[in-house]
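This report concerns only the one structure given below.
The values are calculated or read from the model by the stated rules, or taken from the named source; none is laboratory data. The structure displayed is predicted, hence computed values, not measured ones. Each accessible area value is taken on the protein alone, full model and side chains, heavy atoms only, with ligands, DNA and RNA left out. Shrake-Rupley method; radii C 1.70, N 1.55, O 1.52, S 1.80 Å.
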Amino acid sequence: MTPAVYGVLFVFLAPVFGGLLAGVDRRVSARMQGRIGPPLLQPFYDLGKLLQKQARQVNPVVEPLLLGHVFFMAVSGVLLLSGTDLIFIAFVFALAALFLVLAAGSVNSPYSFAGAERELVVLLASEPFFILMMAAICKVTGASTYAGVLASPQLVAVQLPGVLLAFLLVATIKLRKSPFDISTSHHPHQELVSGLTTDMSGRMLAYVELAHWYESALLCAFMVLLFNWSVPLGLLAFAIAYALEVLVDNSTSRAKWQLVLRSTWAATLVFSGGNVLALFLLSR
Amino acid sequence: MPNPLKLPMIPRALRNLVSKPATRRYPFEIRPRFAGARGTIEFDVETCNYCMLCARRCPAAAITVSREERTWAIEQLTCIACGVCVDVCSKHSLSMSVNSRAVHLRSEVGPQGQRPGHEEWHKPAPAATDIPAVAGVPAPAASQGA
Amino acid sequence: MRRTTIPFGPQHPVLPEPLVLDLILEDEKVIDAIPTIGYIHRGLEMMVERVEYTEMGFVVERICGICSFMHGMGYCVSLESIMNVEVPERAGWLRLIWAEISRIQSHLLWLGLGADAFGFENLFMHCWRMREQILDIFEKTTGGRIIHSVNRIGGVKRDISDSELAAILVQLQELGEAFKTTARVFGTDPSIAHRLGGVGVLSMEDARAVDAVGPMARASGIATDTRLIGANFYDRIELEPVTETAGDCLARVVVRLREIDQSIDIVRQAIEKMPKGEGLPLENKPRGNPNGEVFTRLEQPRGEVLYYVKANGTKNLERFRARTPTFANIPAMIKLVKGCDLADVPNIILTIDPCISCTER
Amino acid sequence: MSFFSRSPWILHYDGSSCNGCDIEVLACLTPLYDVERFGVLNTGNPKHADILLVTGSVNERNIEIVENLYRQMPDPKVVVAVGACACSGGIFARAYNIQGGIDKVIPVDVYVPGCAARPESIIDGVVQGIAALEAKRKKTA
């Protein structure tokens, strides 16, 4: 198959993957709390309901912005799989997240606004890392595309253990997991009500959810980049990482944004930066 | 980021994950209530002598009794199941059952426009000879209706 | 800097209750907090004019669904002292036992809510799962999970058999053992320490200045506990107030953690000291109507509560008043909220264990 | 079974309740009852909610809050009154500041009696609320 076919497949399969992942997550979380939890397909039921429900638009600009959010999330996956330059992907990914911030910031609710500000903070915390990660992967494998990285004989994770560690930390933000679920939260008992999504209803919220599923699939694809020997190995690594995230989610409280910013920057600088620097020095 | 090895909740979360969930699968499995639990007020129309003490003592004013029309009515949606009416009833017409009260829908409006949850008993007047004399109770005012 | 006003309540997921605070923020720093009240005010005290004093106890119980037992008890104790009714000994001990069990219930409930406020959902679920065992004890012995309706003027309505009391004690002690691991989570979890440690510090001087009561004052090092006045059989119990010195949110959590153990111990002492046997008198029914006035103090889970009852010889009381612990702690809360981060607001509000329903009645 | 009956999200508002029903509503979320089995989420945000659970009656002050919350919820929506106070004012119906049950302000679809309403009853009420939600969706669709 050509890379373009993979890209098209991503558009259709990534939501299924992301939704199932969310379903498993909710069920496993419930079991960790001693409950039965919702059915496995619950995220799809939620999405279906949200699409059917009335959508109250506070500002007409919200819907195009959110559609842009979904679109660019999907596009970054498509571009990734169809062989675009990896560093470019990191920028498209950041752009997608920015659309959500703009959508949340364009409404008048103070909660939504505060959520948008926090999302901006975590964006600031996570994006430098992704760019660094992509650059490091390109450097290690000598390839600049997804297929190229997968074809490389080097196992990236062995070369970049620091980047892997930092990735796990940053993925906590991107997967919206405790302790770093500060801008929105999967369960709503936080000081910002529902943070970013406070003023979104009906299909608006469905877009956010859908984009999040694309995001999870994209993170999984990034994990495959780190474990580039084979796709099953990458998927396995992602499964283990996700299980760890769920466990930590259920064993910690929500951190404050200052800690999130500090720890991600520290991880980016110390783990990934140190890792890249070490490689650079060793290769001399 | 806190050290994941030092999070004290992790063993508990893992134990919960592998053990059976604590959930009672209501409404598919119904756990019997404890004996003596306060649930629903039950009324036996046969023994009631319409003394109206229950209606007077009810803190929530959920009971309406009309001696003239010989009706006894309770608003299940107002009743707080404190049990005072059961305590004061000299005829033991009232009892407390352990069953929870049923949920009512908006559509359940009575024939005279009574609110959902209105339950009413009516006992036809017996022949004049066997009306028991109720001493010391003033004649009731006009029926308060439902 | 940009100023925003965040309406915290009346409907807000952190608080089930309609506490209303207008938070004035500069970025995420709280500059000022303006409380508004009245969203839950029912006018309960005025109901003495419409409900006879014998039934008013059921109304008073519903001041608050968390410390319902103690409110009912406070009302009955007040009326008993107006009417000079002696409570039978076993009834008094039973009241004490129920009061302490409801303290455990309230603290477990609060620990769960507190955990939920700082985003620790699993801990919330865990505390509430433990709390269900206490509710089972209540339903078994009083007939109600939340509202117990066992207090009567002059005694209590129901007895607990001696064998059942022993079983309850065993159950409570097992719960206490199981609770130790939960307490360790609160005490040692680094993410909880990050959210609570050093947040909302109330010094001992400040606590005295704003008249904090209950666990709020005890966490700041003030050894105050209304149970020490010895009324309602507490004089026969060995009791040392639980104090912490740090005065921050974590200290307030720790005080409540330790009070759960303390309450289990009080129940044990009470069961040892109370008169045993079946069919002991439980209720001395008062005669006539009350006439006179009285102040009653009790230590509720949230702190000292004060009742004022004035009767005038009729079936209806002339005046009934309750000053609840949350009311006393609100000045402390407002003081702490000013200058904190927005993310700390739920923790500070919750560590005073607010009961708005008590406060506004 | 449509998506609505599988994914009812709840908004809980405490009118002038005594906390008794409130904590029982919260107890429904906890392990022993776990309403999430039915796909229920406690959203805490009117714009996400399908079912408005109100505990406690309306008074002079919160009457507009209840109306406002109801207005903010997108259609279709259902109101469940939990507890004697929300159904009819309960024991506080005679208090001077209480206007009566929630149905004085907004249309109530399901009444859950009890003081305090037991978690089992609340689950029953939610299940009935889901049926009402489904009926409303059919009507508008």
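In units of 2.2 N^0.38 Å, what is the alpha-carbon radius of gyration of region D:14-97? Please report the intermediate quantities before stating the final value.
Values: Rg = 13.4 Å, N = 84, 2.2 N^0.38 = 11.8 Å.
With N residues counted in region D:14-97, Rg over 2.2 N^0.38 Å equals 1.13.
Relative contact order, percent, of region C:45-109 when contacts are C-alpha pairs under 8 Å separated by at least 6 residues? Each step should come with its number before you reach the end.
Details: 30 pairs, mean separation 17.9, N = 65.
The normalised contact order for region C:45-109 reaches 28 percent.
Could you give the Stokes-Einstein D for region A:3-283 in µm² per second, using the C-alpha Kirkwood radius, 37 °C, 0.692 mPa s?
172 µm²/s
State the Cα centre-to-centre distance between region B:58-85 and region C:249-315 in whole Å.
Answer, in whole Å: 31.
Measure out, as a whole number of angstrom, how far apart the alpha-carbon centroids of region A:191-211 and region A:133-165 sit.
Taking the Cα centre of each part, region A:191-211 and region A:133-165 sit 35 Å apart.
Given the convex hull of the Cα atoms of region C:1-86, what is a quarter of its surface area in nm²?
7.7 nm²
Angle check, please: helix C:121-142 long axis (alpha carbons) against the longest principal axis of chain C (alpha carbons), in degrees 0 to 90, nearest 10.
The answer is roughly 10 degrees.
Counting alpha carbon pairs within less than 8 Å and at least 6 residues apart, what relative contact order, in whole percent, applies to chain A? Please list the in-between numbers first.
Values: 441 pairs, mean separation 73.5, N = 284.
It comes to 26 percent, rounded to a whole number.
Taking the 0 to 90 degree range and rounding to the nearest ten, how far is the long axis of helix C:89-117 tilted relative to the main principal axis of chain C, both from C-alpha atoms?
20 degrees
Normalised by the residues of region D:64-141, what does the relative contact order come to in percent, with Cα pairs under 8 Å and at least six apart? Can you show the working numbers first?
Numbers: 95 pairs, mean separation 26.9, N = 78.
After rounding, I find 34 percent.
Beyond 57 Å, what share of the Cα-Cα pairs of the protein assembly as shown is found? Please give it as a whole percent. List each step's numbers first, then the result.
On the way: 64674 of 433846 pairs.
Roughly 15 percent, rounded to a whole number.
Whole Å is fine, so just give me how far the alpha carbon centre of region C:67-120 lies from that of region D:59-128.
Cα centroid to Cα centroid, the span is 28 Å.
Mind listing the phi-derived Karplus ³J(HN,Hα) values for region C:146-160, rounded to whole Hz, using 6.51, -1.76 and 1.60 with θ = phi - 60°, and x for any glycine or proline?
These are the phi-based 3J(HN,Hα) values: 10, 9, 9, 6, 9, 6, 10, 5, x, x, 10, 7, 10, 9, 10 Hz.
Helix A:274-283 versus the longest principal axis of chain A: what angle, 0 to 90°, nearest 10, using Cα atoms?
That helix lies at roughly 20 degrees to the long axis.
Tell me the volume per residue, in Å³, of the convex hull enclosing the alpha carbons of region A:80-234. Working shown, then result.
Values: hull volume 16.5 nm³, N = 155.
It comes to 106 Å³ per residue, whole-number rounded.
With a 1.4 Å probe and every protein chain left in place, tell me how much accessible area A:Ile36 has, in Å² to the nearest 10.
For A:Ile36, the solvent-accessible surface is approximately 20 Å².
Note down, for region C:24-173, the three equivalent ellipsoid semi-axes (square root of 5 times each alpha carbon gyration tensor eigenvalue), biggest first, whole angstrom.
Numbers: eigenvalues 206, 125, 24 Å².
For region C:24-173, the ellipsoid semi-axes come out as 32, 25, 11 Å.
What residue among A:Ser126, A:Ser144, A:Ser253 has the largest mean-square fluctuation in a Gaussian network model of chain A, using Cα springs under 10 Å?
A:Ser253
Hey, what do the phi angles of region A:2-15 turn into as Karplus ³J(HN,Hα) couplings, whole Hz, using 6.51/-1.76/1.60 and θ = phi - 60°, x for Gly and Pro?
These are the phi-based 3J(HN,Hα) values: 7, x, 4, 5, 4, x, 5, 4, 4, 4, 8, 8, 4, x Hz.
How big, on average over all directions, is the shadow cast by the Cα convex hull of region B:30-125, in nm²?
Dividing the Cα hull surface by four gives the mean projection, 6.9 nm².
Where does chain C land on Rg(C-alpha)/(2.2 N^0.38 Å)? Walk me through the numbers on the way to the answer.
Details: Rg = 20.5 Å, N = 361, 2.2 N^0.38 = 20.6 Å.
Computed over Cα atoms of chain C, the ratio equals 0.99.
State the percent of C-alpha pairs, over all pairs in chain D, separated by a distance greater than 19 angstrom.
Details: 4417 of 9870 pairs.
Beyond 19 Å sits 45 percent of the P(r) for chain D.
How large is ³J(HN,Hα), in whole Hz, for each residue of region A:82-97 in order, when computed from phi with the Karplus curve 6.51 cos²θ - 1.76 cosθ + 1.60 and θ = phi - 60°, using x for Gly and Pro?
8, x, 7, 4, 5, 5, 4, 4, 4, 6, 4, 4, 5, 4, 4, 5
Under a GNM of chain A (C-alpha, springs under 10 Å), which listed residue has the highest mean-square fluctuation: A:Pro43, A:Pro232, A:Pro161?
A:Pro232
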